[in-house]
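**Q** This structure is in structure tokens; I'll ask about it shortly.
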Amino acid sequence: MRPTRVKVLVVILVIVFWMMISRQRGYKFGSNQVVRCSQGHMFSTIWIPGVSVKALKLGSTRFQFCPVGKHWTFVKPVRERDLTDEEVETAHSQHDVRLP
């Protein structure tokens, strides 16, 4: 196998492993992941590990625009099971732009 293919395979395996661990811890991925910004605002966003067009990825944190506070900030995913039903509903009613 060529070295480039090996590197790509390793990256894919790391992302898949990280997703499996995160799902076991209660996080989900896709188009309606609830996130919290550094100022405490919650909203939903598209969260696909290893993929981002609208945010700067920094491990499990991203730097992106917060549609609630109208500012650029760091956001982290939130486990919905740690939130009240009202908080989840409010977060899902506020969604950022529909780009991954």
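The values are calculated or read from the model by the stated rules, or taken from the named source; none is laboratory data. Quantities reported herein were computed from a predicted structural model and do not represent experimental measurements. With ideal geometry, Cβ positions are generated from the backbone for all residues, glycine too; neighbour counts draw on all protein chains shown.
**Q** Residues that are in contact with a strand residue (DSSP E or B) (Cβ under 6 Å, 6 or more places away or on another chain) and in contact (Cβ under 8 Å) with a residue 60 or more places away in the chain: find the strands (runs of 3 or more DSSP E) completely inside the chain holding 1 or more of those. Break it down stepwise before answering.
**A** Numbers: elements: 30-37, 42-47, 56-58, 61-66, 71-77.
Filter on the chain gives 30-37.
**Q** What number of residues within the stretch 33-50 satisfy the criterion of being under 9 Å from the mean Cα position of the chain (by Cα) and surrounded by fewer than 19 Cβ atoms within 10 Å (Cβ to Cβ)?
**A** Matching residues across the stretch 33-50 total 2.
**Q** Right, next: Is it true that some residue in the stretch 52-75 is in contact with a helix residue (DSSP H, G or I) (Cβ under 6 Å, 6 or more places away or on another chain) and either at positive phi or modelled with pLDDT under 90 (or both)? Steps first, please.
**A** Kept after step one, since they are in contact with a helix residue (DSSP H, G or I) (Cβ under 6 Å, 6 or more places away or on another chain), are these residues of the stretch 52-75: none.
No.
**Q** Something else now. Taking the conditions exactly as written (modelled with pLDDT under 85 and among the polar types (S, T, N, Q)), does Ser38 satisfy them or not? Steps first, answer last, please.
**A** Values: modelled with pLDDT under 85: no; among the polar types (S, T, N, Q): yes.
For Ser38, the condition - modelled with pLDDT under 85 and among the polar types (S, T, N, Q) - is not met.
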